[in-house]
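So the structure is just underneath, and the comments pick up after that.
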Amino acid sequence: MQLLEFEKPVIHLKEKIEELKKLTKDSEIDLTEEIKTLEKKLAVLEDDIYGNLKPWDRVQMARHQQRPTTLDYIEHLFVDFIEFHGDRLYGDDEAIVAGIAMFHERPITVIGHQRGKNTKENIRRNFGMPHPEGYRKALRHMKQAEKFNRPIICFIDTKGAEPGKEAEERGQSSAIAQNLMEMAGLTVPVVCIVIGEGGSGGALALGVGDKIYMLENSTYSVISPEGAAALLWKDASQAQRAAESMRITSYDLQDLHVLDGVIAEPRGGAHRDVEFQAKEIEKTITQALKELTNLSVDTLLENRWEKYKNIGAYEEGTE
Amino acid sequence: MLKDIFGRRKKHSSVSNEQTKNDIPEGLMKKCPSCNKIFYEKEMAKNMEVCPKCGFHHALSAWERIHSLFDADTFEEWDAHVQTSNPLDFPDYLEKIEKDREKTKLSEAVVTGKGMMDNRPVAFSVMDSRFRMGSMGSVVGEKIARAIERAKDEDLPFVIFTASGGARMQEGVLSLMQMSKTSIAIKRFSKAGGLMISVMTHPTTGGVSASFASLGDYNFAEPEALIGFAGRRIIEQTTREKLPDDFQTAEFLLKHGHIDRVVHRHDMKKLLSKIINMHGKSEVSS
């Protein structure tokens, strides 16, 4: 498993404890006392490291190669998932997956960014960076969900929109804009969950909903820390500093009143225990749908508008 | 040609660039960056900042734009009292805002309000690229969303002129969320039957091009305006692709089917007025 720099002391200590345990078992020397001391030390170290994650540590977690993806969660959360392809206009964008499935005996539409866990998959999925046809595929499925009165679950996990010539030629801007506007008017509940990186417009195009949640170690941001550093200080190596100033962690977004909640992750990150993580997400979706399902369409839409209307910080001043 | 004269002088004498620049009297003459011709500022202003020689569209300030579109003395400004704050405690942010306020005499990067266009009331939002590169933070999003809501409530057509480098970095994710806020406002306005016309001017990029700028019932652009989502430099660096010269220009967007028309500034008011007339509710109902 890919080890992150900040958690290496924990891993090294764990390895040492394992070694001593093995030694105790295989030889005459009794190291139980030493092991106990080290285990205490480990607990303190873990509390210290995982209890004080810095924004940059969370960025690393959000980008972790083994971090569970949309398809992982679909497998754990839903039954009978059927994926559907294509935007009916140009092609099929594999950076976004979409389909229908059952959640607690009820049909739902699920849409999410899909990145790969290795180079081959990442090339196929374009590293989870959608082209316009991806957003259009997503919108097609949202409209269908509306027709059949299915709630929509969106998983957000992208560095951002594909920065490329063809994406621009095929109308990246208008594809994203259309999604924002059309999601605003969907007559079914929409629950959005950031599971990894929420990168700028490419993330937002699946992100207008009645509830927005973030996994604890995911990020949501107007631009990547590297991009921000390059723009603000003309130095991409200042990404760490940018990750702090830009306020991109789940707790930051909660403070900024953008979120409906932070979903807890297992110690060390979602990749350490996908099942635990899926359970936490399941609880959240269940609660959200319970709150949203019985609202009239008018109330649903009015609440959605109120929610976004109130995001932002300004002073009213005097006329 | 004037250009040649300047060139020759540079070659054969010790006149510095700075001095050459000073040969164009400040506040009296203006050089067109496209054809390098020099014109009287007054002449340029009279021509709506369009180069009389080559037709290049220079940036218009928000108020110059408003004057070019609406009948004299008929406009009122809305929500000028909505003021920028510093939600992320970003270093030097408010100082930069203050500087741009002094420079532009604007409170933020957008002016919203209502005016008469050929005797018809129209709600408007006009962005100004001189203010923090026209970037969208909370105030810009809020003012535009309010203008759209008010257009809905007062049953007015809504016209927006965009000029923006995109979302404002210093307000982080709150800037990003203004894309949603304005788009939802447009959805509500549209559902109520409202007419929205978007005119993209140089430059309209990033989060602004990927939200309200692209959401008009009719989307226009000024000639040669730069319009796109991702920056040209970023695309070149990431993909190492050779990009065509006209990449992300108004004409490029027209060719690829993303805007309805490229409109010369001199024809703008007439076109908008005509379209608004053709959507006039009183005519339809009578």
Condition set of a type in the set (Gly, Ala, Ser) and assigned to a helix (DSSP H, G or I), scope region A:168-200, selection farthest from residue A:223 (Cα to Cα): answer is A:184
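Yes or no, residue by residue, for (1) touching a residue at least 60 places away in the same chain (Cβ under 8 Å); (2) outside any helix (DSSP H, G or I); (3) within 13 Å of the chain's Cα centre (by Cα):
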| position | (1), (2), (3) |
| --- | --- |
| B:147 | yes, no, no |
| B:160 | no, yes, yes |
| B:172 | yes, no, no |
| B:176 | no, no, no |
| B:194 | no, yes, no |
| B:199 | yes, yes, yes |
| B:203 | yes, yes, yes |
| B:208 | yes, no, yes |
| B:238 | no, no, no |
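Step by step: first the residues of region B:179-209, then only those that are closer than 23 Å to residue B:225 by Cα, facing chain A (nearest Cβ under 8 Å) and of a type outside the set (Ser, Thr, Tyr), then the one that is surrounded by the fewest Cβ atoms within 10 Å (Cβ to Cβ). Which residue is that?
Restricting attention to region B:179-209, the residues satisfying the condition of being closer than 23 Å to residue B:225 by Cα are B:179, B:182-183, B:196-209.
Next cut, facing chain A (nearest Cβ under 8 Å) only: B:179, B:183, B:206-207, B:209.
Restricting the remaining residues to those that are of a type outside the set (Ser, Thr, Tyr) gives B:179, B:206-207.
Working: B:179: 30, B:206: 27, B:207: 31.
Looking at the filtered set, the residue picked out is B:206.
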Looking at region A:162-174, can you tell me whether even one residue there is more than 10 Å from chain B (Cβ to nearest Cβ), farther than 11 Å from residue A:208 by Cβ and out of contact with any His (no Cβ under 7 Å at 6 or more places or on another chain)? no
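Can you say whether residue A:72 is under 18 Å from the mean Cα position of the chain (by Cα), surrounded by 17 or more Cβ atoms within 10 Å (Cβ to Cβ) and of a type outside the set (Ser, Thr, Tyr), as far as the supplied structure shows? Steps first, answer last, please.
On the way: under 18 Å from the mean Cα position of the chain (by Cα): yes; surrounded by 17 or more Cβ atoms within 10 Å (Cβ to Cβ): yes; of a type outside the set (Ser, Thr, Tyr): yes.
Answer is yes for this residue.
Among A:140, A:106, which is surrounded by fewer than 23 Cβ atoms within 10 Å (Cβ to Cβ), within 30 Å of residue B:200 (Cα to Cα) and more than 14 Å from every other protein chain (Cβ to nearest Cβ)?
Working: A:106 fails: within 30 Å of residue B:200 (Cα to Cα).
Matching residue, one of A:140, A:106: A:140.
This table checks each residue for (1) touching a residue at least 60 places away in the same chain (Cβ under 8 Å); (2) not in a helix (DSSP H, G or I).
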{"site": "A:28", "(1), (2)": "no, yes"}
{"site": "A:42", "(1), (2)": "no, no"}
{"site": "A:65", "(1), (2)": "yes, yes"}
{"site": "A:68", "(1), (2)": "yes, yes"}
Residue satisfying condition, being surrounded by 21 or more Cβ atoms within 10 Å (Cβ to Cβ), under 30 Å from residue A:243 (Cα atoms) and among the acidic types (Asp, Glu), within set B:142, B:98: B:142
Among the residues of region A:83-91, are any crowded, with 17+ Cβ neighbours inside 10 Å and under 18 Å from residue A:126 (Cα atoms)? yes
Considering only region A:223-232, I want to know if a residue exists there that is under 30 Å from residue A:107 (Cα atoms), in contact with an Asp or Glu (Cβ under 7 Å, 6 or more places away or on another chain), more than 9 Å from chain B (Cβ to nearest Cβ) and surrounded by fewer than 24 Cβ atoms within 10 Å (Cβ to Cβ). no
Does residue A:203 meet the test of being assigned to a helix (DSSP H, G or I), among the small types (Gly, Ala, Ser) and either within 12 Å of chain B (Cβ to nearest Cβ) or closer than 24 Å to residue A:66 by Cα (or both)? yes
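Do the conditions hold for residue B:114, that is, is it crowded, with 16+ Cβ neighbours inside 10 Å, of a type in the set (Lys, Arg) and on the phi < 0 side of the Ramachandran plot?
On the way: crowded, with 16+ Cβ neighbours inside 10 Å: yes; of a type in the set (Lys, Arg): yes; on the phi < 0 side of the Ramachandran plot: yes.
When the stated conditions are applied, residue B:114 passes them.
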Selection over region A:235-294 where residues are within 14 Å of chain B (Cβ to nearest Cβ), out of contact with any Phe, Trp or Tyr (no Cβ under 7 Å at 6 or more places or on another chain) and hydrophobic (A, V, I, L, M, F, W, C) yields a count of 6
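Coordinate-derived values only; no laboratory data. Not measured: the values here are computed from a predicted model. Positions of Cβ are backbone-derived with ideal geometry, glycine not excepted, and every protein chain shown enters the neighbour counts.
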